[in-house]
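Step one of this worksheet: look at the structure below.
The values are calculated or read from the model by the stated rules, or taken from the named source; none is laboratory data. Values in this document were obtained by computation on a predicted structure and should not be read as measured data. Here the Cβ positions follow ideal geometry from the backbone for every residue, glycine too, while neighbour counts run over all protein chains shown.
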Amino acid sequence: MTARWLEEASAVFSTGAPPRFPRNMALEIQLRLHITVVPLERPTPESMSQWMQQRGRTRRPEEFPRDVHGCMVWDVGNGILFYDSQRDAAEQRFTLAHEASHFVLEHLLPRRRAVEVFGESILAVFDGAREPTPEERVTALFERVSLKPRSNLIGRNASGYYPNGEVAEAERRADQLALELLAPAALVRPLVEGASELEASRHVQFRFGLPEKVAWTYVASLRRRLRKPRFSSQSFFGLDGG
C-alpha cells in the first residue's frame, strides 16, 4: 500500500494521462510547478550564486552546498533548480526528480496544508514577512500544521554526513518520491517478481531511464518487501527451468 503522503505528492505531477517513460523531468517540472530549471556545467556555490545575483536575487556562495549534482532553492512559492548538465541523461533525470521532490514535500505541500487551515494570510509567515500569532501557533499544534519555513538548502557536516535525523529523513522521502515518479512501484513489481535481481535491475534501468546504481538499489529494496531471495543456486546453475 502506498503511503498517503507519497500519493499526495505524486499527484502534483499527474496530468490525468499515463506518463511516458523515461520521463522528461526537465520539461515536466517546468510545466507542473513554479520552478525554473537551470543547467550548469558542474555547478559550484560561486556559479549558482552568480546566476541568482545576475537576476536580482541575492544568495551568497556560502549558502550553497559544494560537490552537488543538483540544488533546489525557493522562496515565495517559486523555486530554482540547478543541475549538472555534464552528467549522463539518467543521472540528470534522477537529480531533477529528487530536487523537485524536495520542493513539493518541504515547500509546496506544507504551504497548501497551512492555507487549508488558516487561509491565504498564513503565507506571510512562510515567506518570513511576520511571525505567527499566539492563536495561530495553538491552532497549528492541534491541526498538526508546521509553520516553520523549510530550509532551501540541505547540507552536510564537515564529515560528509547529514547534520541531523530530520535532514536524513527529508533525503529519504525525496528519494522515495523521485523513484515513484520515475519508475512507479506498481509497474516495477511485475519485473521484480518474474526475473532474477540482475535481470530486473537491467530492465528497470533501461525501461525507466534510471542510473544503474539507483535501479539496482530500488530492485533490491522491492525484492526485500516481496521477500524474494537475492541469490538462487538453482538459477545460477540453470536448474530452474530458465
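How about the stretch 13-27: which of its residues are under 14 Å from the mean Cα position of the chain (by Cα) and either at pLDDT below 95 or acidic (Asp, Glu) (or both)?
Selection gives PHE13 alone.
What are the pairs, 6+ residues apart or on separate chains, where a residue within the stretch 205-223 that is more than 16 Å from ALA174 (Cα to Cα) and aromatic (Phe, Trp, Tyr) has its Cβ under 7 Å from a residue that is assigned to a helix (DSSP H, G or I) and modelled with pLDDT under 95?
Here the result reads none, with nothing in the stretch 205-223 linked to a residue that is assigned to a helix (DSSP H, G or I) and modelled with pLDDT under 95.
Tell me the residue from TRP51, TRP5 that is free of Cβ contacts under 8 Å to residues at least 60 places away in the same chain and of a type in the set (A, V, I, L, M, F, W, C), please.
That would be TRP51, the only listed residue that is free of Cβ contacts under 8 Å to residues at least 60 places away in the same chain and of a type in the set (A, V, I, L, M, F, W, C).
Among the residues in the stretch 74-89, are any among the small types (Gly, Ala, Ser), modelled with pLDDT of 95 or more, loosely packed, with under 14 Cβ neighbours inside 10 Å and more than 22 Å from LEU105 (Cα to Cα)?
Yes, there is a match, as at least one residue in the stretch 74-89 is among the small types (Gly, Ala, Ser), modelled with pLDDT of 95 or more, loosely packed, with under 14 Cβ neighbours inside 10 Å and more than 22 Å from LEU105 (Cα to Cα).
Looking only at the stretch 62-82, count every residue that is touching a Cys at 6+ places or on another chain (Cβ under 8 Å) and free of Cβ contacts under 8 Å to residues at least 60 places away in the same chain and tell me the total.
Number satisfying all stated conditions: 2.
When you scan the stretch 28-35, do you find a residue that is touching a strand residue (DSSP E or B) at 6+ places or on another chain (Cβ under 8 Å), surrounded by 16 or more Cβ atoms within 10 Å (Cβ to Cβ) and under 23 Å from PHE206 (Cβ atoms), even just one?
Yes: one or more hits.
From ARG207, ARG225, ARG230, grab the single residue that is modelled with pLDDT of 70 or more and either farther than 23 Å from ARG4 by Cα or over 24 Å from the mean Cα position of the chain (by Cα) (or both).
Of ARG207, ARG225, ARG230, the one residue that is modelled with pLDDT of 70 or more and either farther than 23 Å from ARG4 by Cα or over 24 Å from the mean Cα position of the chain (by Cα) (or both) is ARG207.
For the stretch 1-46, give me the residue count where each residue is in a helix (DSSP H, G or I) and either farther than 15 Å from HIS98 by Cβ or not hydrophobic (A, V, I, L, M, F, W, C) (or both).
Adding up the residues that qualify gives 13.
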